[in-house]
There are 2 protein chains.
Amino acid sequence: MSTRKVVVREDVARYANVSPAVVSYVLNKGPKRVRPETEARVLEAIRVLGYRPNAAARALKLQSQEIFGLVLSTGGNALFVELANAIEDAANALGFAVINTNSRESAAREREHLRNLVNRRVDGIMLASVEAQPDISEVARAGVPVLLLDNGGSIESVPSVGADLEAGAYDAVRHLIDHGHERIGMISGPPTDLSDGREAGWSRALAESGLPEGPLVPATPKRFGGYKAAKRLLASGDGLTALFTSCDAQGVGALRAVHEAGLRIPDDIAIVSFDGSTEAEFTWPGLSTMRQPVEQMAEDAVAELLALRDGGRAPTHRTYPTTLQARGSCGCVDKDPLS
Amino acid sequence: MSTRKVVVREDVARYANVSPAVVSYVLNKGPKRVRPETEARVLEAIRVLGYRPNAAARALKLQSQEIFGLVLSTGGNALFVELANAIEDAANALGFAVINTNSRESAAREREHLRNLVNRRVDGIMLASVEAQPDISEVARAGVPVLLLDNGGSIESVPSVGADLEAGAYDAVRHLIDHGHERIGMISGPPTDLSDGREAGWSRALAESGLPEGPLVPATPKRFGGYKAAKRLLASGDGLTALFTSCDAQGVGALRAVHEAGLRIPDDIAIVSFDGSTEAEFTWPGLSTMRQPVEQMAEDAVAELLALRDGGRAPTHRTYPTTLQARGSCGCVDKDPLS
């Protein structure tokens with residue numbers, strides 16, 4: 001392949017034997033009128049040369065590139081993979097592209113991604129932060145709208161979308177209690193300054209039924225984190241019969257740890273997880289999980305960011321209910337993925 | 001949040017009480033010299049107002065936005081998730097951002113993504129196509145460099161990176177033969193005009209050992225595709241004792257189908273898959289798989305695309321060997337993920 005040659009307006013003008021201004025008149029349908037023969041010659045030149053009005057020039061003119069930035073805290077998380085896909089779809093439908101970045105659980109890397117996206121003058125940033133209360137002052141100062149993903153509104157002035165973690169966790173643990181469990185442990189997210197609603201929901205469900213809190217082990221929201229945490233919980237040997245995990249990635253890791261220990265699921269250890277990702281459908285047994293409405297959240301996030309960019313709107317905090325997808329891991333019938 | 005206000009050079013000039021040209025001299029360190037007091041005033045104005053030289057204007061000047069486009073054929077595939085992450089990392093390290101798009105197995109959607117990326121004048125496109133021989137003539141005409149991912153060089157003039165599918169599949173099937181299997185089926189990718197090297201490798205390994213070809217079922221490269229195909233293979237009841245699946249997503253689906261059928265893995269049905277994704281580490285039993293060197297492929301893809309953009313280079317086709325990660329599903333020792 002030879003050196004890249006970008007076709008510019010001047011090339012089209014030369015080929016069509018008109019001035020560059022006439023090319024612009026044809027493209028912009030004005031302001032001056034162009035004779036039909038001349039217009040046909042310009043359009044032919046555009047076709048032959050494969051000319052495309054420069055997107056960068058257009059962006060400069062409109063002060064917009066129609067690009068959103070997406071910053072996710074972790075890469076190995078099933079929910080985030082599906083959320084990113086849904087956000088791409090929702091943004092593409094409105095003519096926006098999405099730049100994806102991944103902080104790999106590092107706050108420093110997250111700040112770097114935010115800075116780069118601001119320097120690129122994206123139209124808005126969706127952030128699933130490593131931190132409970134991320135520092136977005138630099139982004140705000142640059143006037144780039146931000147929306148927090150997977151967040152319950154931890155910063156008053158910054159819009160957010162997130163599942164109702166407390167209610168979802170409560171329902172998950174209630175479901176395990178209904179299956180007869182009395183000793184229910186939890187694998188939580190990494191510890192932060194703010195309490196995670198899932199811990200509160202787990203705790204409330206147990207308290208309401210007069211049950212003691214089982215052991216709680218914090219872990220990274222990844223398969224490996226859930227695996228290690230479950231191994232610790234099983235080794236502690238304190239009569240645990242059920243586990244609530246704060247995300248499907250952890251749930252998948254926990255399933256593996258229980259199998260390795262030679263225990264049966266759900267007979268010896270039952271598990272309910274949180275997210276409702278596709279990965280949970282195909283585990284053995286199927287992983288019961290609280291489904292987040294990912295597509296709806298993605299659509300709302302994109303619409304909110306667009307509205308913010310266009311100005312004059314107070315930030316909203318949207319919280320979404322989750323629904324139980326009961327499968328084999330909690331003791332329900334393990335429907336096959338075809339049904 | 002109030003209406004967004006972009007700070008421009010003129011705002012800085014007004015605040016610092018200098019002409020806009022002086023702001024540019026300070027930012028560009030020339031061409032004219034600026035007195036230290038004046039420079040200090042301009043820098044203070046930049047800091048206070050949060051001014052950032054407009055990225056769009058810079059892109060226009062450089063004819064580059066330092067953005068690559070990534071077009072993946074499918075969203076639910078474990079390999080692609082890891083490849084996308086690795087490509088983001090490799091691109092970010094060179095100061096490039098990545099726009100991610102997903103064709104969801106639709107050739108029409110893929111063409112739309114390509115067209116949009118060309119209109120955005122990205123610096124290059126990495127394409128894992130839905131088709132064996134994608135039509136990239138429009139992209140080529142626009143002068144945007146393209147590289148094919150997960151591809152063995154199906155178009156002579158377009159650079160590619162991809163695993164050595166034939167050799168990897170051959171090694172996978174040989175491994176199953178070494179475990180004593182004589183009736184080995186395959187779940188392949190969707191049928192295309194070009195033969196997939198994995199089929200050829202499976203076929204060669206069987207032929208060399210004088211074994212008959214087991215049944216072959218094509219399927220989408222997703223968990224659900226592998227699940228459905230494995231159900232069909234198991235129902236055919238022709239004495240199958242082992243399966244080779246063409247990607248980990250299919251392997252995960254196949255594991256689920258074998259469990260559902262009440263068969264033991266690896267005792268009744270052994271499985272070796274292809275990709276080496278993290279997901280395969282945490283299944284039960286662990287999914288034996290041929291690992292693709294994802295990070296290396298991502299780095300080489302980004303470097304190649306950059307070299308092409310900068311011109312004067314013949315396209316290269318890089319093929320990478322895969323290595324067996326033996327776990328429980330083939331009959332090897334099922335090492336735990338901590339080891």
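The values are calculated or read from the model by the stated rules, or taken from the named source; none is laboratory data. All values reported here derive from a predicted model rather than from experimental measurement. No Cβ is skipped: glycine too gets one built from the backbone with ideal geometry, and neighbour counts run over all protein chains shown.
In table form, for the structure just shown:
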read-out	value
Any hit, segment A:266-282, residues being in a helix (DSSP H, G or I) and either away from chain B (no Cβ under 11 Å) or free of Cβ contacts under 8 Å to residues at least 40 places away in the same chain (or both)	no
Single match in B:Gly262, B:Gly311 (criterion: within 11 Å of chain A (Cβ to nearest Cβ), without any contact (Cβ under 8 Å) to a residue 40 or more places away in the chain and at positive phi)	B:Gly311
Residue check, A:Ile125 of a type in the set (A, V, I, L, M) and either within 14 Å of A:Glu304 (Cα to Cα) or buried (at least 24 other Cβ atoms within 10 Å of the Cβ) (or both)	yes
Top-ranked residue in segment A:212-231 [being facing another protein chain (nearest Cβ under 9 Å) and charged (D, E, K, R); ranked as farthest from A:Leu263 (Cα to Cα)]	A:Lys222
Check on A:Ala254, more than 9 Å from chain B (Cβ to nearest Cβ) and closer than 20 Å to B:Asp334 by Cβ	yes
Single residue of B:Ala108, B:Ala97 found to be under 26 Å from A:Leu70 (Cβ atoms) and at the interface with chain A (Cβ under 9 Å from one of its Cβ atoms)	B:Ala97
Residue, farthest from the chain's Cα centre (by Cα), within segment B:251-306, restricted to residues that are among the polar types (S, T, N, Q) and more than 20 Å from B:His175 (Cβ to Cβ)	B:Thr278
Residue check for A:Leu216: at negative phi and surrounded by fewer than 24 Cβ atoms within 10 Å (Cβ to Cβ)	yes
Candidate set from segment B:133-179 (those that are among the charged types (D, E, K, R) and in a loop (DSSP other than H, G, I, E, B)); member that is surrounded by the most Cβ atoms within 10 Å (Cβ to Cβ)	B:Asp150
Residue selected from segment A:87-115 under the condition part of a loop (DSSP other than H, G, I, E, B) and in contact with a strand residue (DSSP E or B) (Cβ under 7 Å, 6 or more places away or on another chain), by the criterion farthest from A:Glu304 (Cα to Cα)	A:Ser103
Criterion (small (Gly, Ala, Ser), without any contact (Cβ under 8 Å) to a residue 40 or more places away in the chain and either closer than 24 Å to B:Ile67 by Cβ or at the interface with chain B (Cβ under 10 Å from one of its Cβ atoms) (or both)) met by exactly one of A:Ala128, A:Ala140	A:Ala140
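Residue-by-condition table, conditions (1) at pLDDT 95 or above; (2) over 11 Å from the mean Cα position of the chain (by Cα); (3) closer than 20 Å to B:Ser160 by Cβ:
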residue: B:Leu62; (1), (2), (3): no, yes, no
residue: B:Val71; (1), (2), (3): yes, no, yes
residue: B:Ile87; (1), (2), (3): yes, no, yes
residue: B:Ser103; (1), (2), (3): no, yes, yes
residue: B:Asn119; (1), (2), (3): no, yes, no
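Residue by residue, here is whether (1) surrounded by fewer than 20 Cβ atoms within 10 Å (Cβ to Cβ); (2) at pLDDT 95 or above holds:
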position: B:Ala207; (1), (2): yes, yes
position: B:Ala235; (1), (2): yes, no
position: B:Gly253; (1), (2): no, yes
position: B:Arg256; (1), (2): no, yes
position: B:Ile269; (1), (2): no, yes
position: B:Ser288; (1), (2): no, yes
